[in-house]
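Visitor: Provided herewith is a single structure, encoded as structure tokens, for subsequent inquiry.
Laboratory data are not the source of any read-out in this text; all were calculated from the coordinates shown. These numbers come from a predicted model, not from an experiment. Note that we place each Cβ from the backbone using ideal geometry, even for glycine, and neighbour counts take in every protein chain shown.
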Amino acid sequence: MPSMKDPSPEAIANVTEQNVESRSNLLPEEQSVEGDSDPTNSGLDPKVQAAVILAESEERTVHADPDDAQGAHRQSAETADLP
């Protein structure tokens, strides 16, 4: 699920052309979900999609949300008690 805020300039700066090029090559299972990726056929440009995905990922890395279950680093005392 994409975040609702734009990635920071720092996160965007971490996205390289090589990363975008690599991520824009969709896997067969991604192609079947995305449908026609040709922008001339009203599809979404894979390079634009890749750049957005990578920038959002970088944003989560650069500015991790400590309250986010996926980004938080829990202490052993914060885990559930075993019976």
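Visitor: So for each of 51-60, 6-15 I average, over its residues, the number of other beta carbons within 10 Å; can you give me the resulting order with the highest mean first?
Guide: Result, highest mean Cβ count within 10 Å first: 51-60, 6-15.
Visitor: Describe numerically, in nm with one decimal, the distance between label points set 7 Å from Cα along Cα→Cβ at V62 and at T16.
Guide: 1.6
Visitor: I've got another one for you. Once you put a point 7 Å from the Cα of N25 and another 7 Å from the Cα of K47, both along the Cβ direction, what distance in nm separates them?
Guide: According to this spin-label approximation, the distance is 1.5 nm.
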